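The values are calculated or read from the model by the stated rules, or taken from the named source; none is laboratory data. Everything quoted here is computed from the prediction, not taken from an experiment. Positions of Cβ are generated from backbone atoms using ideal geometry, with glycine treated the same way; all protein chains shown enter the neighbour counts. Just so you know, the surface numbers come from the protein's heavy atoms only, side chains and all, with ligands and any DNA or RNA stripped out. Shrake-Rupley method; radii C 1.70, N 1.55, O 1.52, S 1.80 Å.
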Amino acid sequence: MILILLGAPGAGKGTQAKLITEKYGIPQLSTGDMLRAARDSGTELGERVKAIIVRGDLVSDEIIEEILTDRIGQADCTEGFILDGAVRTTGQAEMIDRVLAARGRALDLVIELTVDEEELANRLRNRMAEAKAQGAPQREDDNEETFRHRQKVYRDLTAPLIPYYEAQGKLRKVDGMGQIDDVSVGIDAVLTNFNAA
Ligand code: AMP
């Protein structure tokens, strides 16, 4: 099963991807995690992307192609995988189709987690307050200004993927406003339906 999780920053894609991984045994491919790991280990790629991540802009489609092509080719992706925040522009969507087709594979479903902007802002504030209370390190792009910019980038560049996948009949919307377990039940229903078809 090859899935894309789509949704604004803070919609809960990472959290839900982990739950899908536990339940279905397919890996979570988060380009955000991959890019942060590259940045933290000081690789040449990390150097190229660190300023972009801090600003909340998107790295180039070419970089995403490079890291995803490599990752998708690894053995644990044979049975499928979850693209978590890994497809963020129509260029990337076309690239994924091409990369998969070259391997004789295709995307199965795109799950959009829908959360309104007020709730997204509340979640950010809670995350910031929790990190502060615990003295834990904070993501550099987790501040009000960058967060607002990331939401705009989502609206301008990523949200157009919703009609794109709708037209392909692959889009399923899941209400992301509830508690983690409730959202997970919504996703399960979609996946059970898909697997039964
Ligand atoms: P995330 O953890 O998914 O919110 O990603 C953090 C940051 O990494 C984003 O704000 C972008 O700067 C970068 N990034 C992650 N995935 C992508 C992608 N597919 N395309 C472009 N930039 C990305």
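Quick notes
- Cross-chain or 6+ apart pairs with Cβ under 6 Å, the range 42-53 first and outside any helix (DSSP H, G or I), then of a type in the set (K, R) and away from the ligand (no atom under 14 Å from the Cβ): none
- Any hit, the range 56-70, residues being touching a Phe, Trp or Tyr at 6+ places or on another chain (Cβ under 9 Å), more than 10 Å from the ligand (Cβ to nearest atom) and either open to solvent by 10 Å² or more (accessible area, probe 1.4 Å) or not polar (S, T, N, Q) (or both): no
- One residue from A11, A101 being surrounded by fewer than 18 Cβ atoms within 10 Å (Cβ to Cβ) and either without any contact (Cβ under 8 Å) to a residue 24 or more places away in the chain or not hydroxyl-bearing (S, T, Y) (or both): A101
- Selection status of A37, touching a Leu at 6+ places or on another chain (Cβ under 7 Å), hydrophobic (A, V, I, L, M, F, W, C), part of a helix (DSSP H, G or I) and more than 10 Å from the ligand (Cβ to nearest atom): no
- Filter result for the condition that a residue is open to solvent by less than 50 Å² (accessible area, probe 1.4 Å), at pLDDT 95 or above and away from the ligand (no atom under 12 Å from the Cβ), over I82, I4, I96: I82
- Selection status of D108, away from the ligand (no atom under 15 Å from the Cβ) and either among the aliphatic types (A, V, I, L, M) or touching a strand residue (DSSP E or B) at 6+ places or on another chain (Cβ under 6 Å) (or both): yes
- Only helices (runs of 4 or more DSSP H) whose full extent lies in the range 134-197 are considered here, and the ones with at least 3 residues that are over 23 Å from R36 (Cβ atoms) and open to solvent by 50 Å² or more (accessible area, probe 1.4 Å) are 161-167, 180-196.
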